[in-house]
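Scroll down for the structure; my scribbles are underneath it.
The values are calculated or read from the model by the stated rules, or taken from the named source; none is laboratory data. Just so we're clear, the structure is a prediction, and the values are computed from it rather than from any experiment. As a convention, Cβ positions derive from the backbone with ideal geometry for all residues, glycine included, and neighbour counts pool all protein chains shown.
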Amino acid sequence: MNIALKEEILKNRNDLIEGTFCFSLFEERFFYPSLLDDLIDNSILFIKENGSDAEVKDFLSWLVNCVDQCFLSHKDEGDLYTIKNYSSEIEKNWMNVWKQKINEINN
């Protein structure tokens, strides 16, 4: 098992680790497509090399729920959370590309 790769993926669970997709989105409020691409690519590689992994799959399910919530909160006028670099293109890609890739990994 490639433990270093798994740790790289799972460090996103701690949204206080700078340089991760989750830190950027949850704490800095920036959606960085390149960080998400790296996270997805690492997850695909890990699953390909090691087979199904419950901990990684649980994390990816959690990630989808959290990112969905970020977009909902961004659009809620009563919520103080905003995605500073929000664009409809980013949200469209989340729904149609990145989220779909994650769901494919988890199936």
Which of the following residues is over 18 Å from ASN12 (Cα atoms), modelled with pLDDT under 95 and exposed (fewer than 13 other Cβ atoms within 10 Å of the Cβ): ASN107, ASN96? ASN107
Mind counting the residues in the range 29-47 that are in contact (Cβ under 8 Å) with a residue 12 or more places away in the chain, more than 10 Å from the chain's Cα centre (by Cα) and part of a helix (DSSP H, G or I)? 6
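Within the range 48-64, does at least one residue satisfy the condition of being without any contact (Cβ under 8 Å) to a residue 12 or more places away in the chain, farther than 15 Å from ILE90 by Cβ, out of contact with any Pro (no Cβ under 6 Å at 6 or more places or on another chain) and not in a helix (DSSP H, G or I)?
yes
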When MET95 is evaluated against the numbered criteria (1) of a type in the set (A, V, I, L, M); (2) in contact (Cβ under 8 Å) with a residue 12 or more places away in the chain; (3) in a helix (DSSP H, G or I), which criterion, by number, is the only one it fails? (2)
Take the residues in the range 41-63 that are over 11 Å from LYS6 (Cα atoms) and polar (S, T, N, Q), then tell me which one is surrounded by the most Cβ atoms within 10 Å (Cβ to Cβ). SER61
Lone unmet requirement of (1) touching a helix residue (DSSP H, G or I) at 6+ places or on another chain (Cβ under 9 Å); (2) among the acidic types (Asp, Glu); (3) in a helix (DSSP H, G or I); (4) over 16 Å from ARG13 (Cα atoms) for ASP68: (4)
Does SER24 satisfy the criteria of being part of a helix (DSSP H, G or I), among the hydroxyl-bearing types (Ser, Thr, Tyr) and either surrounded by fewer than 16 Cβ atoms within 10 Å (Cβ to Cβ) or in contact with a Gly (Cβ under 6 Å, 6 or more places away or on another chain) (or both)? no
So which residues in the range 27-40 are closer than 23 Å to ASN2 by Cα and surrounded by fewer than 16 Cβ atoms within 10 Å (Cβ to Cβ)? SER34, ASP37, ASP38
